[in-house]
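Notes follow once the structure below has been shown.
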Amino acid sequence: MTRVAVLWQPDHYGEGTVKIMSEATEAAARALAVRLQRVEARSADDLAGAFGAMTEGRADALLVWTSAMFLSERKRIVDFAAKSRIPAVYPLCESRNERRHSHARSNSAGYPCKFIGRSGQGRRD
């Protein structure tokens, strides 16, 4: 793995938060000897273009920064990663309770996230 796309939504965070998140992400990339490809999507309408940029940039993996829009569009993002057969890391997980009761929207870090590997098969970590 040499290229990691970072999907982010500009203007979702304050300038200070973006700086902290960027520095942490860049430090991790240096430690792992990978290049980052920042891909922005300001709205759901921008996701198709963002996916195209990731494909054109030949991303080997995807890191999704959290945002309310990405949460609401998570199926599209997960479907893209699975179709492209690239591993992806998502910031939020649905709790088991949320899967049973779709009206509940509180996040519970106590439940595992689903990660999509190169095979396109989900696994629990």
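In table form, for the structure just shown:
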quantity	calculated
Subset of the stretch 1-43 that is closer than 21 Å to A53 by Cα and hydroxyl-bearing (S, T, Y) - its residue that is surrounded by the most Cβ atoms within 10 Å (Cβ to Cβ)	T25
Odd one out for A31, checked against (1) assigned to a helix (DSSP H, G or I); (2) touching a residue at least 24 places away in the same chain (Cβ under 8 Å)	(2)
Residue match in the stretch 59-67 (condition: over 19 Å from T25 (Cβ atoms) and either surrounded by fewer than 19 Cβ atoms within 10 Å (Cβ to Cβ) or modelled with pLDDT under 95 (or both))	no
Members of the stretch 75-91 that are touching a Leu at 6+ places or on another chain (Cβ under 9 Å) and within 17 Å of G52 (Cα to Cα)	R76, I77, F80, A81, S84, I86, P87, A88
The stretch 46-89, subset assigned to a loop (DSSP other than H, G, I, E, B) and not small (G, A, S), residue farthest from the chain's Cα centre (by Cα)	R58
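The values are calculated or read from the model by the stated rules, or taken from the named source; none is laboratory data. Quick caveat, the model's predicted, so the values are computed rather than measured. All Cβ positions, even for glycine, are placed from backbone atoms using ideal geometry, and neighbour counts span all protein chains on display.
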